[in-house]
1. Please indicate, with yes or no, whether at least one residue in segment 76-95 is open to solvent by 50 Å² or more (accessible area, probe 1.4 Å), in contact with a Pro (Cβ under 8 Å, 6 or more places away or on another chain) and free of Cβ contacts under 8 Å to residues at least 60 places away in the same chain.
2. Where residues in segment 97-125 are hydrophobic (A, V, I, L, M, F, W, C) and open to solvent by 20 Å² or more (accessible area, probe 1.4 Å), which of them is farthest from His62 (Cα to Cα)?
3. Which residues, taken from segment 41-81, are of a type in the set (A, V, I, L, M) and outside any strand (DSSP E or B)?
4. Could you grab me the full set of residues in segment 20-35 that are outside any strand (DSSP E or B) and either among the aliphatic types (A, V, I, L, M) or open to solvent by 40 Å² or more (accessible area, probe 1.4 Å) (or both)?
5. Looking at (1) closer than 14 Å to Val28 by Cα; (2) touching a strand residue (DSSP E or B) at 6+ places or on another chain (Cβ under 7 Å), which is the only condition Gln82 fails?
Amino acid sequence: MKVALMVSVIFGCLLAVAQAGSGMAVEVVPSTVKPGELFELRVTMEREEFGRFELKIPGHDHLHRVAVEEVPVRLEDGRYRQQETWLLQADSSGEFVIDGGLALLETHEGIEEVKLEPIRVEVLPFATVDESSEPLEFPEEIDEVAEGGQVAWIIGGVLMALGCWWWMLKSNRTGVVEEVAGKSEMDLSPENLERLLDERDWSDEARQALSEVVYGGGKDVERVMEILRKEEAR
């Protein structure tokens, strides 16, 4: 029994080290819920070298996926970041584990399988039903000032969420350059530049410039054009 426990602990540590080396992190928020309540499974990536992941997480009999939110790869402060959030719902109480999750991590070296740590969530049972016939006391009056403060916080949170959504859309937009050095028309959309980035062995300078436009929402089109001319002349 002790040997099995020790092996399990060592294996969990190795998985944690592998995740940390790849820049991957897994989080359940909140980690404790009740049946029917929604919670989030967040998988994030943050690393200096380029990477993007695709999740492969097995289903669970008592944890059901309600929605998925994907934040694509972006370059911020010299680091590549990506996030995928699953909105889950438990249908009964108990301690549940999702094991065998994988992240297919794509880098310049190829595709690497990163094994995720077991995902644990505790679903608490509902409180015991009160069968007393005693009438309940009236609740205390709610302080109008406190209630107004809560409304202000809710409005502020909604505005912040809308601002983040608008920023994410804006950060993914790039311009279209129709001509480069008298050559045929060239579409500098993120999709075409990303394909160029993957299909050719660029210099460090060119790869950084393209990455800033594709993943970082960069707008320095003139610099990208000049670097592409240099690369084409080589």
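1. Yes.
2. Ile111
3. Across segment 41-81, the qualifying residue is only Ile57.
4. Selection gives Ala20, Gly21, Pro30, Ser31, Lys34.
5. (1)
The values are calculated or read from the model by the stated rules, or taken from the named source; none is laboratory data. Small disclaimer: the values here were computed from a predicted structure and weren't measured. We place every Cβ from the backbone using ideal geometry, glycine too, and count neighbours over all the protein chains shown. Ligands, DNA and RNA are excluded from the accessible area calculation, which covers all protein heavy atoms including side chains. Shrake-Rupley method; radii C 1.70, N 1.55, O 1.52, S 1.80 Å.
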